[in-house]
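**Student:** Quick one: the structure is below, and I'll ask about it shortly.
The values are calculated or read from the model by the stated rules, or taken from the named source; none is laboratory data. Predicted model, so just to flag it, every value in this text is computed and none were measured. We place every Cβ from the backbone using ideal geometry, glycine too, and count neighbours over all the protein chains shown.
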Amino acid sequence: MIWVLDASVAVRWFLKDESHPNADAVLGRLIDHPEFFAVPELFCFEVYAVLCRIHPSGQDAFVKGMMPILHSGILRQPMTESLATRASRFVQKGLTGYDACYAALAKEIRGTWLTFDQRAHDIVARQRISHDLTKALPRAW
C-alpha cells in the first residue's frame, strides 16, 4: 500500500496545539518506510506556508524537520497532464484544487490519501481513495 500524505498530517508534527497520536503514528511509519509514501509537489509548499504563518520558527522547522523527510525516499510526484486531468474530476465533485491533487495522486498510484480534512474525505469516501485520520488509523496500518 502506498500512502499519500496530506499537508494536514505533516503540520501536526510541528505544531504543539495541533498534535495528534495518529499523525505521530504516520510519522513513525514514514521514518521507517519512506518508500511506502507519496506526496504531490504542492505538499512541500503547503507545509512551508503553514509553518511560516503559524510556527514561531517556521523556516527552521521546515528546513530541519521537513527537508530530511522529503529526501528520505518518499515519492514526490510532479504535476503532469494526467494528474491534472484526474484532479479536475475531483474539483467537479467539490474538492479544492489542492485537495483534488492529493485525491488524484492516490487514484493514479492506487494508494490511499491520509488526511485530517474530514470534509474532503467525505467528498471522495465512496471511491475508497482516502482515509480520515481524525477517527482512526487505517485498518491495514
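**Student:** Checking the structure you have, find out if any residue of the stretch 31-38 is without any contact (Cβ under 8 Å) to a residue 60 or more places away in the chain, among the aromatic types (Phe, Trp, Tyr) and over 23 Å from LYS135 (Cα atoms).
**Tutor:** no
**Student:** Within the stretch 42-49, does at least one residue satisfy the condition of being exposed (fewer than 13 other Cβ atoms within 10 Å of the Cβ), on the phi < 0 side of the Ramachandran plot and among the β-branched types (Val, Ile, Thr)?
**Tutor:** no
**Student:** Continuing with this model, one more query. If I filter the stretch 109-139 down to residues being of a type outside the set (A, V, I, L, M, F, W, C) and part of a loop (DSSP other than H, G, I, E, B), which single residue comes out as modelled with the lowest pLDDT?
**Tutor:** ARG139
**Student:** Continuing with the same structure: I'd like the residue in the stretch 54-85 that is of a type in the set (S, T, N, Q) and closer than 17 Å to GLY111 by Cα and, out of all such residues, is surrounded by the fewest Cβ atoms within 10 Å (Cβ to Cβ).
**Tutor:** It comes out as SER82.
**Student:** Search the stretch 9-46 for residues being farther than 20 Å from ARG76 by Cβ and among the hydrophobic types (A, V, I, L, M, F, W, C), and hand back the single one that is farthest from the chain's Cα centre (by Cα).
**Tutor:** LEU15
**Student:** May I pose another question? Where in the stretch 10-91 are there helices (runs of 4 or more DSSP H), lying wholly inside it, with at least 1 residues that are within 18 Å of TRP141 (Cα to Cα)?
**Tutor:** Of the helices (runs of 4 or more DSSP H) lying wholly inside the stretch 10-91, those with at least 1 residues that are within 18 Å of TRP141 (Cα to Cα) span 21-32.
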